[in-house]
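What follows draws every value from the coordinates through simple rules; no lab data is involved. For clarity, every value in this text was computed on a predicted model and none was experimentally measured. We place every Cβ from the backbone using ideal geometry, glycine too, and count neighbours over all the protein chains shown.
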Amino acid sequence: MDIKELLLLLNQHPGLAETKTKFEKNNHLVWNGLKGSSLSMMSLLLAKRIGKKAVLVVDEKEDGAQLQNELELFSCDGCVYFMPSAFKRSIAYGQPDAESSLLRTEALTNFFNPRFGQMILITYPEALAEKVFLPNELVDNTLKVKKGDKLSTNFIEEVLIEYGFERVDFVYQPGQYAMRGGLIDVFSYAADWPYRIDFFGEEVESIRTFDIENQLSKETFDEVKIIPDLNDETLFKNRTDLFSLLDENVVFIGKNIDRIKERISQTIQLAIEKREDLKEEFNVDVEDAVVGKEQVDFLNDKFYTIDARLIPEKNSNQIEFNTSPQPAFNKKFELIADNLKQNAGNGYRNIIVSTQQNQIDRLSHIFNEIETSVNFDPLIGRLHQGFIDHDLKIACYTDHQIFERYQRFQLKQRFNKKEAISLQELSRLHPGDYVVHIDHGVGKFGGLEKIDINGKPQETIKLIYRDNDVLYVNIHSLHRISKYKGKDGTPPRIHKLGSATWAKLKSKTKSKVKDIARDLIKLYAARREKKGFAFSGDSYLNEQLEASFIYEDTPDQIKATQNVKADMEDDIPMDRLVCGDVGFGKTEIAIRAAFKAACDSKQVAVLVPTTILAFQHYKTFS
């Protein structure tokens, strides 16, 4: 089964058609009885059916991130955005959070864009209490660049400086730009990747996004918009509440609308009570930061609303959904199998949703081991909570609830800082620092310098060698340079360009490496001639043990576990090292290996360097 097939099944629910019909007569409806993730699924399908923009209001920021992770996959068209608070904590209006500000910028700029029709905005009461920018100010402070435009690089730089962008040598995060001859790299606050704008004279010749790490192009565009930081009060001086800006056709969906309004009002009241502290600590006026209490009534007066409740009430505008949450099985797989069989016997379609195929395989293996035949449709996707829809006769379970694991989720990553490490390291180098070029040896970093190549200025890295010889390295060859790492306080010997010293040193090192390699080859050849003990394949007990871990395996854990098991099941003597930082899950792999050995009646020794660590492992293994 795929995601589209599940959505087609759920879209047949009569409650959706009834909601659309009742909205023609009344703007305020009640959904009753939606358990688990059935509420988010029905909200997504309703927005698609009626063609309106929807605002889903959850309780907390973590719930919003979880819901975005879920709906992004099911929406298929990517029109799901999360609008968090722009600050590190509630009413700390002088402490902006960079990542949250980027998400808020992206969500609002797309939600106000008239080109987008059906769209879902996920948020929570504290975020709704904050004022937002005026759309006309966004238009005034947006730089549009179109292929074929007549623009000077100086003009674009002036605008970027006015927008508060920082000029750097290499762009690696939003709010930065770099200029090299006829190229401008700029990272907009509402973009996932930086743009590279290529000029021919004063005409925009091409626009493309590029990868921060390797500088390679990703996608070309005919037109882009460069948007500044929406928290910049010098650009966005006037702010207002979100409610007065939204079109009256927007649908607000949340659990207990009255409670949502109350929490927004409580946040506003708390900010008012802290008025003096906010002014003294952050120089923030409450009136500029939070919406007025009277604006909260817009939720009832202006918009379509759906109040999702679990307890039925006498209301002519109520739509009934007959659902129940996924049962708890306490990892008793016989109970799970019996439940799925009972569902099938009653005409229900069993669906098990997992983010990983190996979890589906593990469950199937367990059912086979306990010698029971269970039919279910696997679905690779992300669902926060399982549910049973009795109207449609669908039992949609999640693997992490079956195995009682925590489900990982994360805020959308606007850019990956790991990809910018090499560029950041370059920006941290100072003239005089020792560096190593793979072809020319040890030299000194001389800074960045523009030189003319075929009449066109190019940014290069200047390296200084013995006798003040200079080597200019193109930035695209950055991977051939590394910072020198040697004994602390001991300066290295600087090499001379063109001499054979570096080549001889590399040759000598290669020779020593080859000697070590020969010894290792002999050692491994001798090991292969010997026969070790081949452990049995995984049994039902192994599957149950692995199902007991409460956290989902990371991709690296999955790979390491597979490799360790493959080594153990081979009759060649095992020789493997599993390494990683503290807290990355090495012990879970060790427990799996130890249990596998114990299942074949072998003893296991766990060696650790300290008594405290030994006691910790004793408790963990016990």
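Which loop GluC sites (Glu not before Pro) in region 257-314, with loop taken from DSSP, have no more than 16 other Cβ atoms within 10 angstrom of their Cβ?
Sites meeting the loop and neighbour criteria: 313.
Based on the Cα atoms of region 524-622, what semi-axes does the equivalent ellipsoid have, where each is the square root of 5 times one gyration tensor eigenvalue, given in whole Å with the largest first?
Whole-Å semi-axes of the equivalent ellipsoid: 23, 17, 15.
Hey, can you rank 379-392, 575-588 by average C-beta count inside 10 Å, highest first?
Averaged packing, sorted descending, gives the order 379-392, 575-588.
If the cut-off is 21 Å between C-alpha atoms, which lysines fall inside it for residue 462, apart from same-chain ones fewer than 8 positions away?
Partners within reach: 444, 450, 483, 485, 496.
Please list log₁₀ I(q)/I(0) at q = 0.16, 0.17, 0.19, 0.24 Å⁻¹ for region 323-402, using the Debye equation with identical point scatterers on the alpha-carbon positions.
-0.53, -0.61, -0.77, -1.27
Set the bar at 18 Å for Cα to Cα. Now go through 261/293; 52/302; 35/393; 522/602; 20/53; 88/261 and name every pair that lies beyond it.
522/602; 88/261
7 Å from Cα along Cα→Cβ at both residue 294 and residue 346: what's the point-to-point distance in nm?
About 5.3 nm, to one decimal.
How long are the semi-axes of the ellipsoid equivalent to the chain, from square roots of 5 times the Cα gyration tensor eigenvalues, in whole Å, largest first?
48, 43, 22
By how many nm would the segment from residue 380 to residue 330 lengthen if fully extended, with 0.36 nm per residue of separation less the alpha-carbon distance?
15.7 nm
Let me have the relative contact order for the chain, percent, based on Cα pairs under 8 Å that are six or more residues apart.
Here the relative contact order equals 14 percent.
Give me the net charge of residue 524's neighbourhood, meaning all other residues with Cβ under 12 Å from the Cβ of residue 524; Lys, Arg count +1, Asp, Glu -1.
Local charge sum for residue 524: +2.
Evaluate E = 1/(1 + (r/R0)^6) for residue 270 and residue 505, where r is the Cβ-Cβ distance and R0 equals 56 Å; express this FRET efficiency to the nearest 0.05.
So the FRET efficiency works out to roughly 0.25.
Using the basic label-point model (7 angstrom from Cα toward the beta carbon), what is the residue 622 to residue 358 distance in nanometres?
3.0
Would you mind putting 17-29, 508-520, 460-472 in packing order, based on average other-beta-carbon counts within 10 Å, highest first?
460-472, 17-29, 508-520
Show that you can apply the helix-only estimate: for the chain, add -39,500 (n - 2.57) for every DSSP H stretch of four or more residues, divide by all residues, and state [θ] at 222 nm to the nearest 500.
-11000 deg cm²/dmol
For region 142-226, go through all pairs of different Cα atoms, get the mean of 1/r, take its inverse, and jot down that Kirkwood value in Å.
The Cα-based Kirkwood calculation yields 12.5 Å.
In whole Hz and in residue order, list the ³J(HN,Hα) couplings for region 313-320 that follow from phi through the Karplus curve 6.51 cos²θ - 1.76 cosθ + 1.60, θ = phi - 60°; x for Gly and Pro.
Working through the residues one at a time gives 9, 6, 8, 5, 9, 8, 10, 8 Hz.
Report the gain in length on full extension from residue 200 to residue 516: 0.36 nm times residue separation, minus Cα-Cα distance, nm rounded to one decimal.
Here the segment from residue 200 to residue 516 would lengthen by 108.4 nm.
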